[in-house]
Each structure stands twice: as structure tokens, then as C-alpha cells.
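> Next up is a structure, given as C-alpha cells.
The values are calculated or read from the model by the stated rules, or taken from the named source; none is laboratory data. Everything numeric in this text was worked out from a predicted model, so none of it was measured. Neighbour counts run over all protein chains shown; Cβ positions are idealised from the backbone, glycine included.
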């Protein structure tokens, strides 16, 4: 058994898993506060990455300024999507809400293919020369470490926001019960818009980070699909669960690749393995590790 | 869901149970149906190749959409994996007709039955979950089946795909589009009548009850697990049948044809046509088939003015489907069939209608 390879893959899995966790968090944030399942999360990510890349390469802005502008853009984008597309569907059956985000997802896919092209492009080196650091005999790219670091910062910010700020409290209250929140003077509409704005913003950050690590292309949107196994494992309405689920799926993917490459040789196992796990989890523990079980009353 | 499956204008009373249970709501509706089928049979030989192609596609996708509508529109279960079942039917029929010597015409419904079996397997876990979780589970089944198609070379030919012969009837080969059109028309009519018939039976009403309020349905004695799994089976059957027709029409089946985009298109068809409506499924299929052609023409006109549009044609087609889904959900969530009903009601009440 090739321990070194396994270890290397697991470290990759952890780092990629943290990014999945960040995207899963955005997904859960929207689901928890607005009861909308966002099938376009992956496209949000790609949009953030493309906008930032376009600002750096075509407009020639310095990276940090471009990054800042793309974040502002994503925030506005999230608000526009919520108000124009999702607001008319409040109170509609769940299938309509799911379908509208799916429609948004294929619309955005085609539009981004058209505007930004089908090819992968890479960011000019942002963190100086791309180098490696050696940790415990392993070579880890600095970009990977930076992404790990950023994921932790985002998670910390989420924690702080929900725990200690007024808006975070308002959002938790709205997620808990919209009517009660409204009667306490919280504007539910604003909270919904804010949830989408934050989610789009953070997805944009994740997109830029992934773009720096592995190049920007429309195939990054796959992350939007990988998020489903992650959130199901963690529990659909748990932010902590999203992070844990993301890390589990990241590790699992790389572990599946290891098993596949070393023993089974079936090829392509790592893309399907999360979905088998998803079905399994749904069968034995449909509310995931940290999700709350709904109790229905007639 | 907030919508009535079959609204009737005031004053249209049914005085017997037989009336209420009839396959077609009125005699004229029945005659109109027969007239449309006869018209299709008579007109078909005079149509151009391209029109026939469009009609055949509408038939094939319409059958599959009909199946999906039983699952989504009637039972209220969401499936994002319908194209995988469609693909399974296509590969089954190709496999049966090439490897076992079963005549193609028999292999097609058999492929439908094989797909039913697979649908039941995936339906079993689905019986326990609903709504969002089900959507995600069927999304997983889409990826798992797609992966299976790429891997199971004995069954699908792997990445090379497999060949499917055109069917023949007593030595008469259905090798032209016109002849194939009649076959598709036959199956479309059979499926249409079968689903309409299902909806007026006890089983059909039980499915509607499961959609409208599953707890009440259970209390009324509807076996939830049975009906949820059953609706998966029924929907897979029509997906498989549609897939089989698709395979033998193209005479070649490849793995790339059955992606999530097709699943989304099926959902788009039933949403645009009208959830829970039999005629709506076919209308929606027609809309989704014709929309890209219309957009193509529009884009060509636009390209004369702005040459930059030319490169975007393929993208405009996909964008138009996405936009159609969003716009229909916001402005006409009950679909085209609802528009049609409004128009009909307005003719009926003519001088007094608004």
C-alpha cells in the first residue's frame, strides 16, 4: 500500500473538502433562511471567478481591487436574483422553486459559455511565485494553503455573523419562524435578500479561490452538484453540518480515487462515489448528521 | 398545489357517476381527438422531412414527458433523473433487438418493462422521502445510471454506443420517416389513452390524493409506499418506451445523449405544458421542440443586424429554455393547457366572456 500517496490525497481531500464546505454553507444559508434549494450555486461560483478574472486580465486592475469589485458585483447579483426571480414564487410548491433555480442555472451556464468562452483560463500568479512548502514530508502548494486559510476565515466570519451581530440574529429568527420574526419587526424581505446576497458573495469568494488553485472554467460549476452529497451528509439545515459534510465528501472523493487507482481500476470512481453515499445516507439517516428532523402535524 | 386538475365552467354538471368517470369529458372532446388523429394520419404523407422529424420528436419526447407528468404532476414526486430512465429504455431496446433476436416492435414495450423494473428499484428508497430530498436522490440516480451506461460495455457498448435497427412488420421495414411517424403516432395515442384512463381509475385518484395531502390520503386508506413506488414504475415505463422509440429512430444510441440537461428539458416540458395534465405533456413537448427552432430563426435575423449574434446561436437556444422555465413559473405556473382552457371557456361563454 502506497501510504505516501494516500496521505497526499487525503490532504488534498481535506483542502478541497473545506472549499466544498464553504459552498455547502452558502447553499444551507439560502435553504435555511428562505426554504429555497439553489441549484444554481455552482453557477454563482463560476460567475464570481469569471468576473474577477475578466477584471484582472481584460481591465488590468490589480488583483485585490478586482477581487473587491467582483464581490460587490456578486452581492448585487444575489439581491437581483432574489428580488426578480425568487420573490414572485414565495408560497409556491417546492417543485416550482426547485425548477426556477434549475432554469436559472441552465440560463447562466449558456450565458457564461457565450460571454467567457468554453476554455479554461488561469489567473496570473497572485501570491507571487507559485511555490511549495514541505510539511511533514509532503509538498503542499501555497495556493492550496491559502485556500485552506481563506476557508477558515470565511467559516469564522459566518460563525461571528450569526452568533454576535444583529443581522445574523434576525436571520436566525427568520429561519426559525417567519411570522414571529415579522411580528418582532424584522423585515423578512430584507432578510431574504440579505441571505441571497451573502450566499452569492461567499460563493464568489470560493469561485475566485478555486479559480486561482485550478484555473477558471465553466466546469467549476460541478462543485454546485457536489454540494448535494455534502449537505445531505451534514443535514440540509445545519451550517456546521455543511462544513463537516463538505470535508467528508472531499476526503471520500480522494479516498475513492486512491482505492480506484491502487486496487479496483474501474476509473472515474471518484465522481460517482459521493452519489452512492448520498443514496445510502438518504436510506438510513435522511436528515443527515446534524439536520433537524421535521415533525409534521395535520 | 392550489390548482384544480380539471376545472369546469359553472353550469356544466355531471349527473351520474359514469359521466364523471368518462375517459373524455364530453362527446365533442372525443370526436375532436379522433379527428386530430385521423388528420395526422392523412396529412403526414404530404409533410416535409423536417416537419415529420419535428412531429416524431414531439411524439417521442411527449411519451416520456407524459410518464414524468404522472410522477411529478399527478403524484407530486420530483424526479431529476428522467433522462437516465429514457436512456435505459433506449439501451434495453437496442440490446434486446440486436442480441436476443426479439423483433424490434416487441422489444420496445419490453424495454419499457425493463425500465419499469429499474424505476421500481430506484423508487423503493424514494418511497420514504419526498420533496427536496427526493429531488436530490433522483439527481444521484441520474449520475449513477449515466456512469453505469459508460461502464457496462456488454449492455450499452460503452463509449462506442450501440446500434439499433429500424423495426419491421412482417417484412415491411419502417425505414422512412413517414413509416416511423405512424409507429410513433400509434404509441403516442396508446400512451395518451392509457394515462387518461389511469387518471380516472381508483389508482389515479389515489395518486392525486398522495400529491394533495399525503397524510390525509394515508388516513383514507391509500397505501402511500405502494402508490409512490407505483408512480415511479409507471413513469419509468413511459420513459423506457419513449427511449426505445428514440433509439430505433436514430438507429444509434450513445451515452452522451442522456445527460441532466435532458432531464431538465423533460421537467421544462411538463411545467410549460401544465403539471398533471395529459394533453399538457404533449403540448409542452411540442413547445420545447419548437422553441429552439424559433430561437434559431430569430438569432439568424438578429445576426443580420448584429453579426456578433452569430456565434451565440447555440447558447441562445439553451438560454431560451432556461428563460422559458423561469418566465412560465413566474407568469403562468399552470402551463399552456391552462391558457387553452381559459380560451375555451371564453369561446363557450362568447358574448358574455371578458
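> Any chance you could count how many residues in region B:247-276 are within 14 Å of chain A (Cβ to nearest Cβ) and part of a helix (DSSP H, G or I)? Write out each step before concluding.
Filtering region B:247-276 down to residues within 14 Å of chain A (Cβ to nearest Cβ) leaves B:255, B:259-276.
Imposing the further condition that a residue be part of a helix (DSSP H, G or I) reduces the set to B:255, B:260-273.
Final tally of qualifying residues: 15.
> Now, a different point. Residues that are within 11 Å of chain A (Cβ to nearest Cβ), modelled with pLDDT of 85 or more and within 25 Å of residue B:60 (Cβ to Cβ): which helices (runs of 4 or more DSSP H) entirely in region B:277-349 hold 2 or more of them?
The helices (runs of 4 or more DSSP H) meeting that bar are B:313-331.
> If you don't mind, there's one more thing I want to ask. Among the residues of region B:143-181, write down those that are within 22 Å of residue B:60 (Cα to Cα), in contact with a helix residue (DSSP H, G or I) (Cβ under 7 Å, 6 or more places away or on another chain) and in a helix (DSSP H, G or I).
The answer is B:145, B:146, B:149, B:156, B:177, B:178, B:180, B:181.
> Further question on the same structure: Could you go through region B:109-117 and let me know if any residue there is out of contact with any helix residue (DSSP H, G or I) (no Cβ under 6 Å at 6 or more places or on another chain), assigned to a helix (DSSP H, G or I) and closer than 26 Å to residue A:282 by Cα.
Yes, some residue in region B:109-117 is out of contact with any helix residue (DSSP H, G or I) (no Cβ under 6 Å at 6 or more places or on another chain), assigned to a helix (DSSP H, G or I) and closer than 26 Å to residue A:282 by Cα.
> With crowded, with 24+ Cβ neighbours inside 10 Å, more than 11 Å from every other protein chain (Cβ to nearest Cβ) and under 16 Å from the mean Cα position of the chain (by Cα) as the only criterion, which of A:247, A:227 stands out?
Among A:247, A:227, only A:247 is crowded, with 24+ Cβ neighbours inside 10 Å, more than 11 Å from every other protein chain (Cβ to nearest Cβ) and under 16 Å from the mean Cα position of the chain (by Cα).
For every residue, the table says whether it meets (1) under 30 Å from residue B:212 (Cβ atoms); (2) without any contact (Cβ under 8 Å) to a residue 12 or more places away in the chain; (3) in contact with a helix residue (DSSP H, G or I) (Cβ under 6 Å, 6 or more places away or on another chain).
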| residue | (1), (2), (3) |
| --- | --- |
| B:275 | yes, no, yes |
| B:283 | yes, no, yes |
| B:286 | yes, no, yes |
| B:290 | no, no, no |
| B:295 | no, no, yes |
| B:320 | no, no, yes |
| B:329 | yes, no, yes |
| B:336 | yes, no, yes |
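> Can I ask one more? Do the conditions hold for residue B:140, that is, is it more than 27 Å from residue B:218 (Cα to Cα), within 14 Å of chain A (Cβ to nearest Cβ) and part of a helix (DSSP H, G or I)?
On the way: more than 27 Å from residue B:218 (Cα to Cα): yes; within 14 Å of chain A (Cβ to nearest Cβ): yes; part of a helix (DSSP H, G or I): yes.
It is true that residue B:140 is more than 27 Å from residue B:218 (Cα to Cα), within 14 Å of chain A (Cβ to nearest Cβ) and part of a helix (DSSP H, G or I).
> Answer yes or no: is there a residue in region A:197-218 that is over 18 Å from the mean Cα position of the chain (by Cα) and outside any helix (DSSP H, G or I). Walk me through it before giving the result.
First pass over region A:197-218, keeping only residues over 18 Å from the mean Cα position of the chain (by Cα): none.
Looking for residues that are over 18 Å from the mean Cα position of the chain (by Cα) and outside any helix (DSSP H, G or I), one finds none in region A:197-218, hence no.
Here is a yes/no grid of residues against (1) in a helix (DSSP H, G or I); (2) at pLDDT 85 or above:
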| position | (1), (2) |
| --- | --- |
| A:74 | yes, yes |
| A:105 | yes, yes |
| A:119 | no, no |
| A:143 | yes, no |
| A:153 | yes, yes |
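> Only residues that are in contact with a strand residue (DSSP E or B) (Cβ under 7 Å, 6 or more places away or on another chain) and surrounded by 24 or more Cβ atoms within 10 Å (Cβ to Cβ): list them for region A:1-49, please.
Looking only at region A:1-49, we keep the residues that are in contact with a strand residue (DSSP E or B) (Cβ under 7 Å, 6 or more places away or on another chain), and these are A:7-8, A:11, A:49.
Across region A:1-49, the qualifying residue is only A:49.
> Answer yes if at least one residue in region B:74-97 is assigned to a helix (DSSP H, G or I), surrounded by fewer than 24 Cβ atoms within 10 Å (Cβ to Cβ) and more than 14 Å from chain A (Cβ to nearest Cβ), and no otherwise.
yes
> Scan (1) away from chain A (no Cβ under 14 Å); (2) in contact with a helix residue (DSSP H, G or I) (Cβ under 9 Å, 6 or more places away or on another chain) for the single condition residue B:186 breaks and write down its number.
(2)
> Still on this structure, please answer the following. Would it be correct to say that residue B:244 is within 14 Å of chain A (Cβ to nearest Cβ), within 30 Å of residue A:268 (Cβ to Cβ) and in a helix (DSSP H, G or I)?
Numbers: within 14 Å of chain A (Cβ to nearest Cβ): no; within 30 Å of residue A:268 (Cβ to Cβ): yes; in a helix (DSSP H, G or I): yes.
Against the criterion (within 14 Å of chain A (Cβ to nearest Cβ), within 30 Å of residue A:268 (Cβ to Cβ) and in a helix (DSSP H, G or I)), residue B:244 does not qualify.
> Only one of B:51, B:55, B:68 is modelled with pLDDT of 85 or more, over 23 Å from residue B:240 (Cα atoms) and in a helix (DSSP H, G or I); which?
The conditions single out B:51.
> Right, another one. Criterion first (more than 19 Å from the chain's Cα centre (by Cα), outside any helix (DSSP H, G or I) and surrounded by fewer than 22 Cβ atoms within 10 Å (Cβ to Cβ)) does residue B:129 satisfy it?
yes
> Next question. Does residue A:222 count as within 12 Å of the chain's Cα centre (by Cα), assigned to a helix (DSSP H, G or I) and surrounded by 16 or more Cβ atoms within 10 Å (Cβ to Cβ)?
Against the criterion (within 12 Å of the chain's Cα centre (by Cα), assigned to a helix (DSSP H, G or I) and surrounded by 16 or more Cβ atoms within 10 Å (Cβ to Cβ)), residue A:222 does not qualify.
> Inspect region A:266-287 for any residue being more than 21 Å from the chain's Cα centre (by Cα), on the phi > 0 side of the Ramachandran plot and either surrounded by fewer than 17 Cβ atoms within 10 Å (Cβ to Cβ) or not in a helix (DSSP H, G or I) (or both) and give the result as yes or no.
yes
> Now a separate question. Got a sec? Which of A:94, A:98, A:115 is over 22 Å from the mean Cα position of the chain (by Cα), within 14 Å of chain B (Cβ to nearest Cβ) and at pLDDT below 90?
A:115
> Okay, next question. Mind counting the residues in region B:98-114 that are touching a residue at least 40 places away in the same chain (Cβ under 8 Å) and either within 11 Å of another protein chain (Cβ to nearest Cβ) or over 15 Å from the mean Cα position of the chain (by Cα) (or both)?
As a first pass, look at region B:98-114 and keep what is touching a residue at least 40 places away in the same chain (Cβ under 8 Å): B:98, B:103-105, B:107-109, B:111-114.
Still in the running and either within 11 Å of another protein chain (Cβ to nearest Cβ) or over 15 Å from the mean Cα position of the chain (by Cα) (or both): B:98, B:103-105, B:107-109, B:111, B:113-114.
Number of matching residues: 10.
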